[in-house]
Amino acid sequence: MKKNVGKVDMIIRIIIGIVIASIGIVYQSWWGLLAIVPLMTAFINFCPLYTVIGYSTCSAKEEKAL
C-alpha cells in the first residue's frame, strides 16, 4: 500500500471520525461505528478510494519519507 493521505487530510479525517463517534455515543446509535472508516484511513495513511480514482493528497516529500 502506497501512502496517499497527506498530513492535512489525515487531521481532517481524525476530526471527522471523532465527531461521528461522538454523535453515535450521544444518540446511542450503531451509526457511530462508521467513525472507524475515517479513523483507520487516517492512521494507516491510505485511502482505497483515492487509489481507484488516482488521487493523492501527499506531497512528494511525504511519499519519500516511507
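A few comments on the model shown:
- Taking the C-alpha atoms only, the angle from helix 7-26 to the longest principal axis of the chain is near 10 degrees.
- MRE, 222 nm, helices only [DSSP H, n ≥ 4, -39500 (n - 2.57), over the chain, to nearest 500]: -18500 deg cm²/dmol
- Phi-based couplings in Hz for segment 29-40 (Karplus 6.51, -1.76, 1.60; Gly and Pro marked x): 10, 6, 4, x, 5, 5, 5, 4, 5, x, 5, 5
- Per residue value of the accessible surface for the chain (all protein chains in place, 1.4 Å probe), Å²: 75 Å²
The values are calculated or read from the model by the stated rules, or taken from the named source; none is laboratory data. It should be emphasised that the depicted structure is a prediction, and the values quoted were computed from it without experimental measurement. The protein model used for the area step is the full one, side chains on, heavy atoms only, and it has no ligands, DNA or RNA in it. Shrake-Rupley method; radii C 1.70, N 1.55, O 1.52, S 1.80 Å.
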